[in-house]
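Written out below as structure tokens is the structure these notes cover.
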Amino acid sequence: MFYTELKNIYSRKKFLESKFPLETYYPRMNHFITQELRLGATFFSPFRFAHMFGIDVNSSVSFFLSLSDKNGIFSKLYKYECDNCDELNILKSEDELMNFECQECNKPGDLSNSSFLSDVKLLFKLKDIFYEEAMKDLKAHASFDSPTYKSNSSKEEKEVDSHSELSLKRAFEFNKGQDEQGKEIVRDESLDALRNRLRQKLGTA
């Protein structure tokens, strides 16, 4: 099912194949998800994916965004630390973000604050149907050695910031680009819609 869904995404987003060949990136993503689940991960980081396979971080972010729209394998959540009480809020939808109110102190979010887009962090969570499939495979092959991929040295491993987070501002910057023919592409339609909503509410975003 996971492979089939990736093929469907690639068929809708023709620009993916040239930069992220399916037959290369399917086993990479499958291995990455398996390894992260073994470590007890809830969210999946494009920074850790980039490190595991030695690819450019910007490319990894673009790849994750492309897999995270309404029909993608990842769902997006938004993390925001209240500047009044420091409560960590996890928001499950764009509507919650647009109408943010701290769950602890009830302070509303200041969308007009210039640092807002940098303070909101984007989280990638495997959708339930794929999570259940991955966990079932993980349990079924608990003693099976998965494919080994060459990664960076142990010294570099220690230096990697595994807690690197993607700000909403940066996600917006990477969400649009151009394909090899110079045609504009949108990696995540729902993220683009959120940016348009913020533009309407704030004037700019």
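The values are calculated or read from the model by the stated rules, or taken from the named source; none is laboratory data. Please read all numbers here as calculations on a predicted model, not as lab measurements. Because the Cβ atoms are built from the backbone with ideal geometry, glycine has one as well, and the counts that use them run over all protein chains shown.
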Quick check on the stretch 86-130: of everything there that is aromatic (Phe, Trp, Tyr) and more than 16 Å from THR42 (Cα to Cα), which residue is farthest from the chain's Cα centre (by Cα)?
PHE100
Filtering the stretch 38-64 down to residues that are of a type in the set (Val, Ile, Thr), surrounded by fewer than 21 Cβ atoms within 10 Å (Cβ to Cβ) and assigned to a helix (DSSP H, G or I) yields VAL57
Look through the stretch 3-17, keep the residues that are of a type in the set (Ser, Thr, Tyr) and over 17 Å from SER59 (Cα atoms), and return whichever of them is surrounded by the fewest Cβ atoms within 10 Å (Cβ to Cβ).
THR4
If you go through the stretch 65-96, how many residues are without any contact (Cβ under 8 Å) to a residue 40 or more places away in the chain and surrounded by fewer than 20 Cβ atoms within 10 Å (Cβ to Cβ)?
14
Being among the aliphatic types (A, V, I, L, M), at pLDDT below 95 and either closer than 29 Å to GLU184 by Cα or in contact with a helix residue (DSSP H, G or I) (Cβ under 7 Å, 6 or more places away or on another chain) (or both) is true for just one of MET29, MET98. Which residue is that?
MET98
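For every residue, the table says whether it meets (1) in contact with a Pro (Cβ under 8 Å, 6 or more places away or on another chain); (2) hydroxyl-bearing (Ser, Thr, Tyr).
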{"site": "ALA41", "(1), (2)": "no, no"}
{"site": "SER45", "(1), (2)": "no, yes"}
{"site": "VAL57", "(1), (2)": "yes, no"}
{"site": "ASP69", "(1), (2)": "no, no"}
{"site": "TYR80", "(1), (2)": "no, yes"}
{"site": "LEU97", "(1), (2)": "no, no"}
Do you know which residues across the stretch 101-115 are surrounded by 13 or more Cβ atoms within 10 Å (Cβ to Cβ) and touching a residue at least 40 places away in the same chain (Cβ under 8 Å)?
LEU111
Taking interchain pairs and intrachain pairs at least six residues apart, which have beta carbon atoms under 8 angstrom, with the first residue in the stretch 4-27 and in contact (Cβ under 8 Å) with a residue 60 or more places away in the chain and the second among the small types (Gly, Ala, Ser) and in a helix (DSSP H, G or I)?
ILE9/SER66; LYS13/SER66
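Residues being closer than 19 Å to PHE130 by Cβ, in contact (Cβ under 8 Å) with a residue 12 or more places away in the chain and not charged (D, E, K, R): count how many of those fall in the stretch 28-59.
Count: 15.
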